[in-house]
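Heads up, the thing below is written out as structure tokens.
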Amino acid sequence: MKRTIGYIGVSDSSVAPLIAQAIKKDKLKGPILLIVSSQNRAMALLSDISFFCDKPVFVMPPRENLFMSYTAKSRENTLKRIEILKSMEVGEDIIVIAATPALMRKLPPVGIYNQNKIKLRLSDTIKPEELKKNIVKLGYEPMSMVENIGEFSSRGGIFDFYSPSQESPVRIEFFGDEIDSIRTFDIETQRSIQSLDEITIYPARDIYLDREKFDKVAVKIISDYNDRIEELMQFPNDNGEAIDNLLRRKEEVSDHIKTLASMSLMENYIQYFYDHTSFLWDYVKSKSGTILIEEPDKVEEYIEAQDKENKREFDSYYLTGRAVMSEAGLLVTLDDFLNIYNDDRGCSGDRGDSGDRGYSDDRCDRGEQIDTLGIIMPFAKNIDQIKEYTKVEDVKVRLTENYGGRMDRFAAGVTKYLGSGYRVSIVIGDETKLNSIKEFLEENNILDQNIQFLIGNISRGSEFYEEKLVYISEFDIFGKTKTVKRRRASSKEKAVFFSELKPGDYIVHENHGIGLFKGMEQVVVEGEKKDYLLIQYAGTDRLFVPVDQMGFLQKYVGAEGIKPKINKLSGGDWKATKAKAKLAIAEMTGQLLELYAKRQGRLGYAFGPDSPWQKEFEDSFPFAETEDQLVATEEIKGDMEK
């Protein structure tokens, strides 16, 4: 690396303004990767850094359990991760916050997303059927109508797709085999937003869906399973359960490879698909970006604990026939992380078994390195891996006083800062409340040219006393803030759901279709026993669904006495069923729109917009509204004001 900088005296809410200052003062190059100890810390920093830094900020999704074949993995997390990796790979000037759980698995080689992209321009000639085949290889799913990222639809001369790298879906119109127009469009209205001269389609999966490649990988995976089965067969009486598990898992993997289905499972085998795997920090090294580590000793402590737990968990899976030795290849160890301090190339991941579309050896020998490694610590402390710092900055900062809703204390505090020559920035979450603060200070004759009023969300304020600069947050003034939380099923709702469910009942999973509920099972995941619902699908397919993802499930309700068809996890029949349902919903939507249009034409009473008093009344509500409640409230108000 070119330089190592230590930032001492920085913690909590002062990290975000410090990073913003360092970007300008130390000319930190992007992409910037900020490594923190926990996912909660990453989420807390997201709004702070977004406020202080004029760059896109992302939080890397945490990795999901590596060894559970059929957990209901989040497609949304996969697409988010791919979007971030692609942005880092092409050198976009972004900030990525990654907690230790996001570091604990190896990734596709640097360069894979850029290498497998499809670039299209106006007047290019390509057969729609060929484009369809190519985009399927990039991991896009065919649908009758595009609604989500990672989907595409093709009808006549119109080709729609929604890439992880695009804010809106894209519509390509063909005249024969020639591209006649490229436009982004709105999902709800289907109206065009912007015309484009060209568009780049990036992958929506970690693995390129190439039939020949999958066949080669299948041979290697099945060979590893056969070798382990042969080893255990030497003592069949002692290993009967493990052998049965291996045979079942081998059949499952083989089935998924043949059908190119359930890619969430296949992403556990990426080491078979590429010559090399990479670590998250390799994506920064490849573009000579910046890596910042907050409290390295705490990060290393978390990684070491997770490393031990991963090894213990893998040993359990290996001994019971639920994994083969090669599956440990995706795990990241503490030693792997400590290599981040080394001045090596951006290709530190292990060599895999194969990879026509990974990166070649010469790419790994270019000498790519980090431009800056920044260490952020509350106190000065030696780090064994760092022999010498290029620069150490002792940052003079402390938390702003918490006024706890005492406006007299707040007024006195602002007056004191101004009298000491400070520049005061007051940061409030919404304009109405900010104007109220401004009016309060004006009434108390405290308005000054050194006070700046800003709309934004920061967790706490910070006082840089050497620079005479202070940020005062909404929390500092009022002592509490309301946060909007996603609604989770209550324990009462869960109890009702489970009380109605018994083994042998048919159950519907939103993504996988109809199966048979077999009961509850406890599985050890990351050192903790967790409850899972076990669902049996056609053949040997089984799905373990975490209790906290019961929102994906509902009890099957159909005509009495008629048994529904059970779906296959790897089949396409459930997708076809959902597509038919969507068409029926679309027809009903048209009828409803016609009805609403008639209602809209009638005269009614228009209420006025919210007053400041209404806003204050709503803010006094002691509970955090759910996202759905907030949306419903705004929609009702909007209707009332028309």
For n ≥ 4 DSSP H runs only, could you compute -39500 (n - 2.57) per run for the chain, divide by its residues and tell me the 222 nm figure to the nearest 500?
-11000 deg cm²/dmol
Long-range amide H partners of H276 with built H, under 5 Å
G352, Y359
Answer with a single label: of [x] 30.6; [y] 29.1; [z] 28.2, which was calculated as Kirkwood radius over Cα pairs in Å from the structure in view?
[z]
Might you report the magnitude of the Cβ-based charge dipole of the chain about its Cα centre, with Lys and Arg at +1 and Asp and Glu at -1, to the nearest 20 debye?
780 debye
In whole Å, how far is the Cα centre of the stretch 21-44 from that of the stretch 118-177?
35 Å
Student exercise: in the stretch 228-328, how many lysine pairs 8 or more apart or on different chains have Cα atoms under 30 Å apart?
9
Given pairs K80/K568; K216/K568; K24/K117; K80/K468; K29/K220 and cut-off 31 Å on Cα-Cα distance, the over-length ones are K24/K117; K80/K468; K29/K220
Taking all protein chains as present, what is the carbon and sulfur share of the accessible area of the stretch 125-207, in % to the nearest whole number, probe 1.4 Å?
44 percent
Under unit Cβ charges (Lys, Arg +1; Asp, Glu -1), what dipole magnitude, rounded to 20 debye, does the stretch 127-195 have relative to its Cα centre?
120 debye
Per DSSP, loop GluC sites (Glu not before Pro) in the stretch 209-268 with at most 15 further Cβ within 10 Å:
none
How many Å² of accessible area per residue for the chain, probe 1.4 Å?
51 Å²
Restricting to Cα pairs under 8 Å and 6 or more apart, the percent relative contact order of the chain works out to 16 percent
Identify, among V110, T320, F175, the residue whose Cα sits farthest towards the positive end of the charge dipole of the chain, taking +1 on the Cβ of Lys and Arg and -1 on the Cβ of Asp and Glu, with the dipole about the Cα centre.
F175
From the phi angles alone, apply the Karplus equation (6.51, -1.76, 1.60; θ = phi - 60°) to the stretch 503-508 and give each ³J(HN,Hα) in whole Hz, x where the residue is Gly or Pro.
x, x, 6, 7, 9, 10
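If the chain between F175 and E241 were fully stretched, how many nm would it gain, using 0.36 nm times the residue separation less the Cα-Cα distance?
Length gained between F175 and E241: 17.8 nm.
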Looking at the chain only, what percent of DSSP beta bridges run antiparallel? Nearest 5 please.
55 percent
Diffing the stretch 376-391: the Karplus 3J(HN,Hα) column from phi (6.51, -1.76, 1.60, θ = phi - 60°), in whole Hz with x for Gly and Pro, holds 10, 9, x, 9, 5, 7, 6, 10, 4, 6, 9, 6, 7, 8, 5, 7
How big is the charge dipole of the stretch 273-329 about its Cα centre, in debye rounded to the nearest 20, if each Lys and Arg gets +1 on its Cβ and each Asp and Glu gets -1 on its Cβ?
260 debye
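The values are calculated or read from the model by the stated rules, or taken from the named source; none is laboratory data. Only a predicted model underlies this, so the values are computations on that prediction, with no experimental measurement involved. Please note: Cβ atoms are built from the backbone with ideal geometry, for glycine as well, and neighbour counts cover all protein chains shown. Areas reflect the complete protein model, heavy atoms only, side chains present, ligands, DNA and RNA absent. Shrake-Rupley method; radii C 1.70, N 1.55, O 1.52, S 1.80 Å.
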